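Read through the structure below, which is laid out as structure tokens, and then see the notes.
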Amino acid sequence: MMQTETGQDLAKAAHWLKANQVVAIPTETVYGLAGNALSEKAVAAIYAAKQRPQFNPLILHVARIDDMRLYAQMDNVSRLLAEAFMPGPLTLLLPKRDLVPDITTAGSRKVALRMPRHPMAMALLEMLDFPLAAPSANPSGYISPTTAQHVWEGLHGIIPYILDGGPSQVGVESTICEYQDDKIILHRTGAITADMLEAVAHVEVIPLQQQNKLHAPGQMKSHYAPNTPLYRGDIPELLERFSGKNIGVISFQTVHEKPHTTAYCLSPAGDLAVAANALFAQLRKADQAGHEVLVTEWFPESGVGTAINDRLGRALAEHKQKA
Ligand code: TXA
Ligand code: MG
């Protein structure tokens, strides 16, 4: 077993990355499991560490918008979006250049690119002469990590170093979009909303589900699943349905106090950004508290609420059984 160290030493993180090792890094969305995106060896180590299926491609993280041209063909709309939202929680899907190994994009001719908005991630990228491939730093199939401690829980003994940059600010993974045929296809919802993209690009934004296409690889339904079965609906009704059981309640604003229930209220003040920030940490906490079932509700479909509903949807028990 490998010794896993947690710390704030950028030089140490850079040292491991230059040696083709994988290192967990903080970003503003969730923690990433980073490796040299141009090294087949490092990328293979990422897939191995999180036991990720090799058909699920990785996002490239770069230090500057201008660097994106080295790895992908940039169209004008994508450049506009990059300039408006980067660094920040947006990933662009673009035609890839040969420099990016096939293993990084799982054989796809497109590459996903983003520039994280976290001072340590940005400083680290500046120290390296290669981009970082980084999926979320969780074992494949479990909830994404938003603290160094979450990463440690899932990957200690498997990776040499966890760069601790404090809790992730946004709390849900980046929005993924692709400009194609004068439209923007939204592959994954996040803190950058469809409205925000539309306001900058002045083209229609279409959710992927409305496309007559397969889901993006890796958009597997059980992607965020806790081990405890999670149900979504009207909370009082669900509490009735599961009465007698030990229940964890993941709610937006209302604190549900009942016997045998524990409340995990994400934002008593009703702030969706606060709720997104707390989502994965509370989902983990609830999953580890020994409840028989977890129940949750629909969040408002505005702002980052859409992404919260999407992630909770993937965490539901019904999807776990199917996957
Ligand atoms: O916020 C984030 O994006 C975080 C942080 C660490 O940057 N990363 C992240 O990576 O969420 P991951 O691997 O957990 O999710 C990336 C998603 C996957 O669903 C993957 O299938 C999709 O992006 N993706 C990556 N490259 C793609 C490609 N070439 N074509 C289609 N989908 C792609
Ligand atoms: Mg992930």
| request: Report yes if some residue within region 107-117 is free of Cβ contacts under 8 Å to residues at least 24 places away in the same chain, surrounded by 14 or more Cβ atoms within 10 Å (Cβ to Cβ) and more than 23 Å from Val203 (Cα to Cα); otherwise report no. | output: no
| said: Given the condition under 16 Å from the mean Cα position of the chain (by Cα) and closer than 18 Å to Ala225 by Cα, answer yes or no: does some residue in region 287-305 qualify? | reply: no
| task | Return the residue satisfying two criteria in turn: it lies in region 30-50 and is near ligand 1 (Cβ under 10 Å from one of its atoms) and under 20 Å from Thr105 (Cβ atoms), and of such residues it is surrounded by the fewest Cβ atoms within 10 Å (Cβ to Cβ). | result | Lys50
| query | If you go through region 59-88, how many residues are within 23 Å of the chain's Cα centre (by Cα) and charged (D, E, K, R)? | reply | 4
| query | Could you say which residue among Ala134, Ala72, Ala84, Ala148 is over 24 Å from Gln180 (Cβ atoms) and away from ligand 2 (no atom under 16 Å from the Cβ)? | reply | Ala148
| Has region 35-51 got at least one residue that is under 17 Å from the mean Cα position of the chain (by Cα) and more than 16 Å from ligand 2 (Cβ to nearest atom)? | no
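Every number here is computed from the coordinates shown, using simple stated rules; none is lab data. Remember, predicted model here, so these are calculated numbers, not experimental data. Glycine also receives a Cβ, built like all others from the backbone with ideal geometry; neighbour counts cover every protein chain displayed.
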